[in-house]
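For reference, the structure is listed below as structure tokens.
The values are calculated or read from the model by the stated rules, or taken from the named source; none is laboratory data. Please read all numbers here as calculations on a predicted model, not as lab measurements. Don't worry about glycine lacking a Cβ; one is built from the backbone with ideal geometry, like all the others, and counts go over all protein chains shown. Please note that ligands, DNA and RNA were not included when accessible areas were found on the heavy atoms of the full protein model with its side chains. Shrake-Rupley method; radii C 1.70, N 1.55, O 1.52, S 1.80 Å.
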Amino acid sequence: MDRLPCISVTRTIVGIVAWLGAGAAGFAEDIYRPIPDGFGFPGDQEELLRFRDTEDVSAMRRHAWHVFAGMTQPTPGGEAVWETWYPSHDVFRLGSDPQDAGPRKIERRFTVPRQSFVERIGVQPQSIGESLLSFVLFNQEGRAHIRSKQLYLQNQLNAINDGFPSSTPVADRRIDDFPRRAISLKTVWWPVQSDGVTPLPIWDFDPTRPDSAGNDFPVWRRVVAVDSTRISIPDDETTNIAFMGVPHTEAHVVSLTRFYEFEITAAEIGAAGDVLNSSAQMAFGRDVRVGDHAVLVAFHYTTKEIPDWVWATFWWHDRPDDGPYAADRTSDVLGPWRNYLMDVAFSMDVPREYDGTPNAMYNPWLEARFPDGMQSNCMTCHQRAVWPPVGFLPITRGSAPDDAPIFRNRTKLDFLWSVAFESNPQP
């Protein structure tokens with residue numbers, strides 16, 4: 001049976017308790033919460049580099065799970081710690097920081113994942129991937145670095161790039177490194193109707209097309225049926241359901257309790273109704289409504305604990321205890337978070353794959369859609385984050401040489417695409 005507590009109900013109860021204990025001014029304090037002590041963050045840099053250099057995959061995985069457990073701890077309001085962090089539209093907005101804007105609230109402003117549209121050229125039909133829901137967040141240290149260095153301004157990025165003498169080695173053409181406690185994360189969500197059963201594609205590492213053709217989620221072999229009307233569902237219950245006109249027989253039925261999720265509000269529809277409606281139409285054939293749910297299906301985080309950052313990526317699965325991507329999950333990963341699989345990379349090159357080629361690490365929701373996406377490494381993609389910006393295709397892996405054409409007369413942005421694509425022209 002699905003016995004994990006329903007996160008929406010849990011949030012409500014925890015939030016009421018927190019409010020009763022806080023008094024009338026309880027919500028006037030900043031909602032921000034860092035990763036609590038006791039979760040190994042930030043890790044000792046020498047130790048983490050030793051894990052990388054000795055190719056100790058289990059140690060790298062345990063560290064990634066441990067940090068994940070810290071950032072998914074519940075706050076007094078019931079949300080995960082990471083949900084109290086700063087959305088990218090706040091981090092990169094124009095103007096000075098407001099001094100009297102009142103208490104900050106959790107704000108979920110959905111956009112389309114950058115992987116879905118940044119490489120589109122000319123007038124093309126909307127791709128299925130452009131119906132995914134996403135938003136990016138930064139912790140306080142990451143936000144402070146971007147704001148204090150004015151990396152949200154394209155004029156500042158131009159000044160940095162133009163300020164390097166022509167003789168500057170490519171390796172030295174870079175912005176100042178982010179602090180070791182800086183974190184950036186990307187989330188991907190799926191809409192679930194409040195009054196029925198919704199199909200959700202599941203990646204079983206069983207592609208239906210050659211990797212060279214890409215394997216976007218509409219062509220995945222299997223779906224589950226997410227039933228929002230019941231908390232307790234037998235483990236072996238199945239149903240027949242269709243997704244995008246394709247019938248799926250004996251789809252595993254699961255409840256919302258298996259996910260980190262929230263009810264969609266009028267404010268969220270008002271902020272991103274077109275994106276939400278596109279996603280809902282794809283998933284269950286109607287526009288989104290207040291009270292429908294968004295369930296977390298994928299989650300990237302990167303931490304500046306080592307010079308090239310630690311990269312961990314997660315995705316939801318109905319069989320979360322099976323296979324190598326469930327390995328080394330620590331006991332402090334609790335509740336619905338135990339339903340996510342994970343891969344991690346500390347290097348673009350090692351550990352080598354079985355055929356001796358560079359390390360591969362990708363998220364099926366974001367990278368499998370690209371040609372050769374299953375052979376990609378997110379670090380290799382992010383090393384291309386430069387100013388003036390370039391595209392991230394073709395998908396590849398392995399570290400690029402310093403004299404690669406993409407680096408010439410450009411400034412490296414410490415692996416963060418957000419700086420390249422969310423910075424603003426000077427008003």
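Numbers below:
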| read-out | value |
| --- | --- |
| Total residues in the range 148-173, condition among the basic types (K, R) and crowded, with 18+ Cβ neighbours inside 10 Å | 1 |
| Filtered residues of the range 396-406 (kept if surrounded by 14 or more Cβ atoms within 10 Å (Cβ to Cβ) and of a type in the set (D, E, K, R)) | R397 |
| Among residues of the range 407-417, those that are open to solvent by 30 Å² or more (accessible area, probe 1.4 Å) and either on the phi > 0 side of the Ramachandran plot or free of Cβ contacts under 8 Å to residues at least 40 places away in the same chain (or both), counted | 1 |
| Residue in the range 265-279 that is in contact with an Asp or Glu (Cβ under 9 Å, 6 or more places away or on another chain) and assigned to a loop (DSSP other than H, G, I, E, B) present | no |
| Residues that are under 16 Å from the mean Cα position of the chain (by Cα), in a helix (DSSP H, G or I) and over 20 Å from D176 (Cα atoms), drawn from the range 367-380 | C378 |
| Candidates E261, E305 - the one that is under 30 Å from M348 (Cα atoms), of a type outside the set (A, V, I, L, M, F, W, C), in contact with a Pro (Cβ under 9 Å, 6 or more places away or on another chain) and at pLDDT 95 or above | E305 |
| Selection within the range 362-383 - open to solvent by 40 Å² or more (accessible area, probe 1.4 Å) and more than 13 Å from G214 (Cα to Cα) | H382 |
| Residue list for the range 330-361, restricted to those being open to solvent by less than 40 Å² (accessible area, probe 1.4 Å), closer than 19 Å to A298 by Cβ, at pLDDT 95 or above and not in a strand (DSSP E or B) | V333, G335, P336, W337, N339 |
| Close pairs (8 angstrom Cβ cut-off, 6 or more residues apart or separate chains): outside any strand (DSSP E or B) in the range 171-200, at pLDDT below 95 and buried (at least 20 other Cβ atoms within 10 Å of the Cβ) anywhere | R173/F407 |
| Qualifying residue in the range 159-172 (condition: out of contact with any Gly (no Cβ under 8 Å at 6 or more places or on another chain), farther than 26 Å from F92 by Cβ, aliphatic (A, V, I, L, M) and modelled with pLDDT of 95 or more) | no |
| Pick from the range 180-210, criterion over 21 Å from the mean Cα position of the chain (by Cα) and among the polar types (S, T, N, Q), ranking: surrounded by the most Cβ atoms within 10 Å (Cβ to Cβ) | T198 |
| Top-ranked residue of the range 231-255 - restricted to ones that are in contact with a strand residue (DSSP E or B) (Cβ under 6 Å, 6 or more places away or on another chain) and not in a strand (DSSP E or B), ranked as least open to solvent (accessible area, probe 1.4 Å) | I233 |
| Single unsatisfied condition, G285 versus (1) touching a residue at least 12 places away in the same chain (Cβ under 8 Å); (2) open to solvent by less than 70 Å² (accessible area, probe 1.4 Å); (3) not β-branched (V, I, T) | (1) |
| Qualifying residues in the range 309-329 (those that are in contact with a Phe, Trp or Tyr (Cβ under 7 Å, 6 or more places away or on another chain) and charged (D, E, K, R)) - the one surrounded by the most Cβ atoms within 10 Å (Cβ to Cβ) | R329 |
| Criterion: without any contact (Cβ under 8 Å) to a residue 60 or more places away in the chain and of a type outside the set (D, E) - qualifying residue of L341, L393 | L341 |
| Which numbered condition L94 fails, given (1) hydrophobic (A, V, I, L, M, F, W, C); (2) outside any loop (DSSP other than H, G, I, E, B); (3) modelled with pLDDT under 95; (4) farther than 30 Å from V254 by Cβ | (2) |
| From the options R258, R286, R319, residue that is basic (K, R), within 20 Å of the chain's Cα centre (by Cα) and over 30 Å from E46 (Cβ atoms) | R258 |
| Pick from the range 206-243, criterion small (G, A, S) and without any contact (Cβ under 8 Å) to a residue 60 or more places away in the chain, ranking: farthest from V295 (Cα to Cα) | A242 |
| Of all residues in the range 54-101 being among the charged types (D, E, K, R) and without any contact (Cβ under 8 Å) to a residue 12 or more places away in the chain, the one that is nearest to L151 (Cα to Cα) | D100 |
| The range 211-221: number of residues that are modelled with pLDDT of 95 or more and open to solvent by 50 Å² or more (accessible area, probe 1.4 Å) | 1 |
